[in-house]
Structure formats: C-alpha cells, structure tokens
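Nothing in this text is a laboratory measurement; each read-out follows from the coordinates by a stated rule. Note that the coordinates shown come from a computational prediction; the quantities given were computed from them, not determined experimentally. Cβ atoms come from the backbone with ideal geometry, glycine included; neighbour counts cover every protein chain shown.
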Ligand SMILES: *Cc1c(COP(=O)(O)O)cnc(C)c1O
C-alpha cells in the first residue's frame, strides 16, 4: 500500500490550529498594522475568504494540500484595496512593470494595474502546468466546500478511532493536541505519542502511511478528502494499536 497522506514541513510542533483570521486581521488593523498570513497549511485545506475578511496580503505554497508537487509554484494574495497604492513596498520585478511601457526600459518602477503589477518574473510554465492540472482536479471534485465537508468527517473519524484505542488501552497513549472544534482545524491532527513515538512513526511509514514527525514525540496525520478514504483511516487506527502492542 502506498498512501500519499499530505505532509508538510513547518517548523514547530504545530497543533494544527486554524486561527481566527478575521479576529487577527481586525486586531492588526486596530493597531495600525497590515495583516498578512502564511497559508502553507491552509491553502487547499480550509475555506478562506481573504478578500471579505479584509486581509491585506497572504502567501502559500502549492505542494502540500494543493498537490502541485515538490518545488511547485507558490501563490500570493494582495487585497484589491492596495492595487492602486504605488507607494507600497513590493518585490518589484520587470514582469510586474506596466505592460505598455515595459520595454521602454525607463528608470524607476511603474507597476501594472491590479494583480499583474505583482508579478516578478516570467512565469515558470512547467510549474504552472502542474499547478493547473492539480487545480482542475479540485474543480472536478466540486471545489473546496464539498471536500472540506468530507474532510471534517474524515478527520473526525480519525479522532474517533484514536480515542477508541485510548479507551481500550485504558490510557491516553495518543493525545490529540489539535482543537476538537472543526471551526478551529482543517484536515490535520497532531498526536502526542506517549510511548515509543518514533518507532510508531516509523511503523506507519513502513506500512505506507506518510505522516509527518515533530520532535520529541508528535506525529501529524492529515487524511486528505480528495483521495483518502474512511477505510484507510480505520486501517491507520489498526496500525497505531498494533504498533503500541509490538513496540
Ligand atoms: C511548507 C511551509 C512553507 C512553504 O515553504 P516553501 O519555501 O514553499 O517550501 C511556508 N511556511 C510554512 C509554515 C510551511 O509549513
């Protein structure tokens, strides 16, 4: 079996909280600051309303939940209200220069209108092709809303299965540190393994379950609604239980 569970390369133990973007944005604005978000673990995972929530900017990679492959193209969001603000600091590249004057090669930088003005360099066509193929599959699946709905059930089932193991072992061997509320999480559960954590992680890997390891004892698992099944989640539970008995 080879199950490509979504994994990621964040830096901390990261319990997988889906933070309250609206509240953070409001707090930033009240303090006179811009609100920008790193959405590496959110893009393609949870529903985002960046424009409506008045987020100033955001960035994300597309190789985690968006399946574009390692080294795939990244994305940025800049709120429409900043489009005409030419004084804003930006990573100005020649491809973002207004198109009608781009090749006049005049000194200074005059950004193009809207999103076009944030382009940096010529687009990497091969990476865009991979990204488009991935996004087409999302569209075929009906977009993120039905996927998130299935994802909530799938992750909820993983939570249930893990708690079942804890109750049959009469000990909280696997402590889930991700919030219980589906409003505060996406697909990922971060699980503290009380016993033989690394062996358990390796056991999962050897059996084709690709999760993610965080020192000293956290396993992060993300059943992905696009391609993981409830049966696979059940099997993961069996593996976790077996690993506790074996190790
Ligand atoms: C994966 C990830 C990124 C993306 O970094 P890349 O340079 O695109 O690999 C950024 N932030 C966080 C928190 C991540 O987990």
Take every Cα pair under 8 Å in the stretch 21-140 that's 6+ residues apart, average their separations, divide by the length, and report that relative contact order as a whole percent. 20
In nm, the gap between the two label points placed 7 Å beyond Cα toward Cβ at residue 168 and residue 230 is 1.8
Subtracting the Cα-Cα distance from 0.36 nm times the residue separation, let me have the gained length for residue 89 to residue 59 in nm, one decimal. 9.2 nm
For the chain, what are the per-bin percents of Cα-Cα distances with bins 5 Å wide, up to the bin holding the maximum? 1, 6, 11, 15, 16, 14, 11, 9, 6, 5, 3, 2, 1, 0, 0
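Based on the Cα atoms of the stretch 144-246, what semi-axes does the equivalent ellipsoid have, where each is the square root of 5 times one gyration tensor eigenvalue, given in whole Å with the largest first?
Largest first, the stretch 144-246 gives 21, 14, 13 Å.
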What is the distance, in nm, between label points placed 7 Å from the Cα along the Cα-to-Cβ direction at residue 139 and at residue 245? 4.8
Name the residues of the stretch 204-247 whose amide N is less than 18 Å from a point 7 angstrom out from the Cα of residue 194 along the C-beta direction? 216-219, 240-247
Using only the Cα atoms of the stretch 21-140, build the gyration tensor, take square roots of its eigenvalues as a ≥ b ≥ c, and label the shape rounded, prolate or oblate: rounded if a/c is under 1.5, else prolate if a/b is larger than b/c, else oblate. oblate
Potential lengthening between residue 129 and residue 30 on full extension [0.36 nm per residue; Cα-Cα distance subtracted]: 31.6 nm
Helix 21-30 sits at what angle to the longest principal axis of the chain, using alpha carbons and giving 0 to 90 degrees rounded to 10? 50
